[in-house]
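Beneath this line is the structure, given in structure tokens, with notes to follow.
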Amino acid sequence: MDRLHLITVFVAVVDTNGFAGGARKLGISPPAVTRAINELEVYLGVRLLTRTTRVVRVTEAGARYADDCRLILAQLAEADESVTGLQVTPRGHLTITAPVLFGARFVAPIVTEYLKVNPQVVASCWFLDRVVNLLDEGADVGIRIGELPDSSMQATTVGKVRRVMCASPAYLQQHGVPQTPADLQSHTIISASAVTPTADWRLMDKGEVRHIKVQPRMTTTSNDSALAAALGGFGITRLLSYQVADALRDGSLSMVLDEFELPTLPVHVVHREGQHASKKARAFIDLVVERLRANPRLN
């Protein structure tokens, strides 16, 4: 039994979500993939994959085992490349994910800087206002805002942001500046669901968290559309500080009730390869950590 072959086949099946995909990736026949998975499960005495006529799903034990196998394969590849000299130059395909506005404003310039000095790397940028599962969806590096749940991901803190409420000077001149959280109930509210998923806004008041019920006139899943509505003078919105930094700086928006805001949220660079990260990933992680930590808008 060639254990290296078996785990290579297993990881390929998990990464491509199926036996046929794994076979295509490795250039072997589907029956050979099936035999390898069966042999590996018999050897381990554990069910790694659940098969149906339509889909193949990895079990909980299988997911943990796949993660460990990826590290083994990455370490072997690193050893091979170090011998041949290939590890000196980053190469291959790198996938990075981040929230939409954060990605456009902060990550995209770092990606282009990285690609200019690493011509043998091709990058895909997934800028989405949802949490991408790096392991399940195949991304290499992610930027996460907020506290992280316990996971097998490696994380490096690079900055912090906070939720802020703001409106245009024209709106505040016409409708008045709220002085207490309760005043929000008499104002036009623009709710960005990616930042505050419900109409129950949590604020700090005398050291305690208070829940303020607001009734949004406009609810949007897009942070940039909430920002546009606030800039247009429609009402008060609540966004993350980096999303409104430019508008606050040039005076097109003004903060309100800032003394009632919650504590800051950490910004992390996360990845799934630990100390065994490929050269392409390691080089990008080192650069993005350095650049984000030096950005005053995040610190």
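The values are calculated or read from the model by the stated rules, or taken from the named source; none is laboratory data. Here the structure is a predicted model, which means the values were calculated and not measured. Using ideal geometry, Cβ is built from the backbone for each residue, glycine included, and neighbour counts are taken over all protein chains shown.
Things worth noting here:
- Considered as a group, the residues in region 280-299 that are hydrophobic (A, V, I, L, M, F, W, C) and farther than 12 Å from residue 143 by Cβ include one that is surrounded by the most Cβ atoms within 10 Å (Cβ to Cβ), and that residue is 281.
- Restricting attention to region 206-231 and to residues that are in contact with an Asp or Glu (Cβ under 9 Å, 6 or more places away or on another chain) and surrounded by 14 or more Cβ atoms within 10 Å (Cβ to Cβ), the residue that is farthest from residue 256 (Cα to Cα) turns out to be 222.
- Residue 43 meets all of the listed conditions (1) surrounded by 14 or more Cβ atoms within 10 Å (Cβ to Cβ); (2) in contact (Cβ under 8 Å) with a residue 24 or more places away in the chain but one, namely (1).
- Residue 171 vs. criteria in contact with a Lys or Arg (Cβ under 6 Å, 6 or more places away or on another chain) and assigned to a helix (DSSP H, G or I): no
- Of all the listed residues (195, 164), the sole one being modelled with pLDDT of 85 or more and either under 30 Å from residue 125 (Cβ atoms) or more than 15 Å from the chain's Cα centre (by Cα) (or both) is 164.
- Of all the criteria given as (1) free of Cβ contacts under 8 Å to residues at least 60 places away in the same chain; (2) out of contact with any helix residue (DSSP H, G or I) (no Cβ under 7 Å at 6 or more places or on another chain); (3) outside any helix (DSSP H, G or I), the one not satisfied by residue 125 is (2).
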